[in-house]
1. Only one of these conditions is not met by S142: (1) assigned by TED's automatic domain parsing to the domain that holds I127; (2) surrounded by 12 or more Cβ atoms within 10 Å (Cβ to Cβ). Which number is it?
2. Among (1) closer than 16 Å to S123 by Cα; (2) open to solvent by 60 Å² or more (accessible area, probe 1.4 Å); (3) within 16 Å of the ligand (Cβ to nearest atom), there is one condition E76 misses while meeting the rest; what is its number?
3. Among residues belonging to region 29-45 that are open to solvent by 20 Å² or more (accessible area, probe 1.4 Å) and within 22 Å of T118 (Cβ to Cβ), point out the one that is farthest from the ligand (Cβ to nearest atom).
4. Could you please let me know if W26 is over 26 Å from E117 (Cα atoms), touching a Pro at 6+ places or on another chain (Cβ under 7 Å) and modelled with pLDDT of 95 or more?
5. Does region 82-101 hold any residues that are in a loop (DSSP other than H, G, I, E, B), closer than 30 Å to P113 by Cβ and touching a helix residue (DSSP H, G or I) at 6+ places or on another chain (Cβ under 6 Å), and which are they?
6. If you check every pair at least six apart or on different chains, which have Cβ atoms under 9 Å apart with a residue in region 161-172 that is surrounded by 15 or more Cβ atoms within 10 Å (Cβ to Cβ) first and a residue that is acidic (D, E) second?
7. On the basis of being in the same structural domain as T22 (by TED's automatic domain parsing) and within 16 Å of the ligand (Cβ to nearest atom), does P95 make the cut?
8. How about region 119-151: which of its residues are polar (S, T, N, Q), within 16 Å of the ligand (Cβ to nearest atom) and either in a helix (DSSP H, G or I) or in contact (Cβ under 8 Å) with a residue 60 or more places away in the chain (or both)?
Amino acid sequence: MTLRIGDIAPDFTAETTTGLITFHDWIGDDWAFFFSHPADFTPVCTTEMGRTSQLAEQFAQRGVKPIGLSTDTVKEHVKWIEDVNDTQNTDLRFPIVADADLTIAKQYDMIHPSESETAAVRSVFIIDPDKKIRLTMTYPMSVGRNFDEILRVIDALQTGDTHKIATPADWVPGQDVIIPPSVNDADAKSSFPQGFETIRPYLRTVKL
Ligand code: BEZ
């Protein structure tokens, strides 16, 4: 199934390392960072799980709950988490979904058969409290994800929702943002009384 930005994230009930969850109920009023990895007891995945765990406070500050998935069992996940904690110097507490029969991985198009018929690629879904998919990313098995970028895009999405703005290339919090072309100058003046810069009629920037 191809899932696109704006789609409702498919709901599911699954065993995880923190017990049985129903995905939408588990997300509740928070955001979710739902990410798949190819397999337990593999090196790149170990570093990604460690990094996610180390960033627990950063995710919590943004109201985002991390949740992993691979096509392994809870028993395997639990044993592997000991290694993750040992080698990455962390205390992993977020759930990892056990999807040994590939049901959820297929539902979320995490299986790319030219890579593997049974293991997931590195998919990312950022899901908002309305359960809407706000971002998708797909990385190959051999490349670990950039967690600064994951936090940055969450910041950009949440800032955009709050202020009805867009963000330029490489934006990080604190930098000027963009007034979308759908907002006319009169509305921009009332929304941004601090003033804005018009570089081109379609390119207007503002400090928040
Ligand atoms: C890894 O996590 O290191 C990995 C897993 C599957 C394929 C390649 C690398």
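The values are calculated or read from the model by the stated rules, or taken from the named source; none is laboratory data. Because the structure is a prediction, the values reported are computed rather than measured. Methodologically, a virtual Cβ is constructed for each residue, glycine included, from the backbone with ideal geometry; neighbour enumeration extends over all protein chains shown. Areas reflect the complete protein model, heavy atoms only, side chains present, ligands, DNA and RNA absent. Shrake-Rupley method; radii C 1.70, N 1.55, O 1.52, S 1.80 Å.
1. (2)
2. (1)
3. F41
4. no
5. If the condition is that a residue be in a loop (DSSP other than H, G, I, E, B), closer than 30 Å to P113 by Cβ and touching a helix residue (DSSP H, G or I) at 6+ places or on another chain (Cβ under 6 Å), then L92, D99 are the ones that fit.
6. T167/D155; W171/D155
7. Against the criterion (in the same structural domain as T22 (by TED's automatic domain parsing) and within 16 Å of the ligand (Cβ to nearest atom)), P95 does not qualify.
8. Result: S123, S142.
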